[in-house]
Amino acid sequence: MEKRTRILVLGAGPAGLTAAYEALRDSSVSVTILEISGEVGGISRTVERNGFRFDLGGHRFFTKVSRVKDFWNEILEPEDFMLRPRMSRIFYDGKLFDYPLRPLNALRGLGFLRALRCLGSFFWVKIKRPRNQENFENWVASRFGWYLYRIFFKTYTEKVWGMDASKISSDWASQRIKNLNLIRAILDAFGFKKRGEVITTLIDTFHYPKYGPGMLWERCLQRVVEKGARIHFQVEATAIKKLESGELEVEFSNGHVELFDALISSIPLKSLPELLNCKEESVIEAKSALKFRDFLTVALVVNKEEVFPDNWIYIHSPEVHVGRVQNYGSWSPYMVKEGTTCLGLEYFVNEEDELWSKEDSQVIEIATRELLDLELLGSGSVLEGYVIRVPKAYPVYDDQYKAAVATIAAWLERDWPNVYAVGRNGMHRYNNQDHSMLTAMLAVENIIHSHNHDLWSVNVDSEYHEEVSENSSTQRVQPQLIK
């Protein structure tokens, strides 16, 4: 009887469940999944309370990666997806501005003189460009001008990360804003762009599961279990040893010990060195340097269907703490009850912050008051509220993270060739859902088909999957981070 390849997957978020599903396409593979919580989907899960559904962060289903799109369509039926209009705006100085920025709308909101200052600042920065492009502040200012940067980027970004924008790596900007700058935004607004070019930031429609993104991952879980996968909820790996045979001896928190041939990890990258009993000082220092930003959503049920038409609004006003407001009814009418909608106020915090530790009723009161202060909601409109806390939601891109990730990645490559880090937290990279899924797919190919994909070089917008053929003989190389 042919020996089965035993794969352990840590984490049942998009990367972990994608890895499990892809691995089980091969009948000679067995898969075990450990999920520390009682739910699947990670930050892409859909939370349900009293018949209302909340998407944690807002997840557009748009991708340039055909195999990821095929995966989505394989798990869900066509009728499960809705094509939704994308509408988002920026709240600044008591006004709402279209985002992406549209010249005429911005001109009306800013007024002629301030709009002129924005253009003047943009052209001036082309003459006197900031020398250091390694931090977020200079990177964005060099593409939009200092005046526009301070209005539309600085306050929101510092809310998200809780630090001065000059301390944030430019990798954050280049990954999220990508190829966009002021001139390209203006040209796109007037319909001028390169043939076939799609800038993700500027898309105006997207697909969305009618019951939220968690619908996809709940269905995916059903499929992998039907194919024979075992999943243990509220269980984690506590110790991993590498045997002389190359097998991995894994101890579970429930006391079980099992042997595996390969490990796919989507748990926080900084957790791996301790789990693998690393004694190398440079790696221990590197994992200590990796930081996370925690996330808190306050879902407020509102007594009317129409509050504003946006999917979400970025709150750039410094006088309130809320960073973004989701309108779940605009994502999908199936997320809310008839005659109501639900607004999700997003707060970017650290676990030691006062807001994180407050009673839910206090947090709901704060969120309601901030909506009233912003005049996005009238008095007496809130029917009920719920608080959802997500620890370690966002890997921090500070000035230390790049070297730290590279150190850990190189150590894994050298000492643990059958351990693969995938996904957002697993690679400490602010991946979108499709990016996380792609790293999982390629990890499975490395394990089952002996391919040599360098997961650390994966970049969805470079269409890595088309540039490196499945039969490529290119060896896995020293991990390099995307510049």
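The values are calculated or read from the model by the stated rules, or taken from the named source; none is laboratory data. Keep in mind that this is a model prediction, so the values were computed, not measured. Methodologically, a virtual Cβ is constructed for each residue, glycine included, from the backbone with ideal geometry; neighbour enumeration extends over all protein chains shown.
Name the residues in segment 228-241 that are more than 12 Å from Thr32 (Cβ to Cβ) and touching a helix residue (DSSP H, G or I) at 6+ places or on another chain (Cβ under 8 Å), would you? Let's see the steps before the verdict.
Step one: of segment 228-241, the residues more than 12 Å from Thr32 (Cβ to Cβ) are 233-234, 236, 238-241.
If the condition is that a residue be more than 12 Å from Thr32 (Cβ to Cβ) and touching a helix residue (DSSP H, G or I) at 6+ places or on another chain (Cβ under 8 Å), then Thr238, Ala239, Ile240 are the ones that fit.
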>> Please verify whether Phe62 is surrounded by 15 or more Cβ atoms within 10 Å (Cβ to Cβ) and within 30 Å of Asp373 (Cβ to Cβ), treating the condition exactly as stated.
In response: no
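For segment 352-405, give me the residue count where each residue is among the β-branched types (Val, Ile, Thr) and in a helix (DSSP H, G or I). Spell out the reasoning first.
If we filter segment 352-405 for residues that are among the β-branched types (Val, Ile, Thr), which is where we start, we get 363-364, 366, 368, 382, 387-388, 390, 396, 405.
Now narrow it down to the ones that are in a helix (DSSP H, G or I): 363-364, 366, 368, 405.
Residues that pass the stated criteria total 5.
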> Can you tell me which residue in segment 115-130 is farthest from Val396 (Cα to Cα), limited to those that are outside any helix (DSSP H, G or I) and in contact with a helix residue (DSSP H, G or I) (Cβ under 8 Å, 6 or more places away or on another chain)?
Replying inline: Arg129
> Residues in segment 1-22 that are touching a helix residue (DSSP H, G or I) at 6+ places or on another chain (Cβ under 6 Å) and at pLDDT below 95: how many?
Replying inline: 0
> Based on what the data block shows, is Ser266 of a type in the set (S, T, N, Q), more than 30 Å from the chain's Cα centre (by Cα) and assigned by TED's automatic domain parsing to the domain that holds Trp416?
Replying inline: no
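Suppose the filter is touching a residue at least 60 places away in the same chain (Cβ under 8 Å) and over 17 Å from the mean Cα position of the chain (by Cα); does Ser361 pass it?
The answer is no for Ser361.
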> Where in segment 146-254 are there helices (runs of 4 or more DSSP H), lying fully within it, with 2 or more residues that are at pLDDT 85 or above, surrounded by fewer than 17 Cβ atoms within 10 Å (Cβ to Cβ) and of a type outside the set (Val, Ile, Thr)?
Replying inline: 214-226
> Does Phe97 fit the bill of being touching a residue at least 60 places away in the same chain (Cβ under 8 Å) and hydrophobic (A, V, I, L, M, F, W, C)?
Replying inline: no
>> Criterion first (hydroxyl-bearing (Ser, Thr, Tyr), surrounded by fewer than 23 Cβ atoms within 10 Å (Cβ to Cβ), at pLDDT below 95 and not in a helix (DSSP H, G or I)) does Thr32 satisfy it?
In response: no
> Taking into account only those residues within segment 255-267 that are crowded, with 21+ Cβ neighbours inside 10 Å and in contact with a helix residue (DSSP H, G or I) (Cβ under 9 Å, 6 or more places away or on another chain), which is farthest from Ser30 (Cα to Cα)?
Replying inline: Ile267
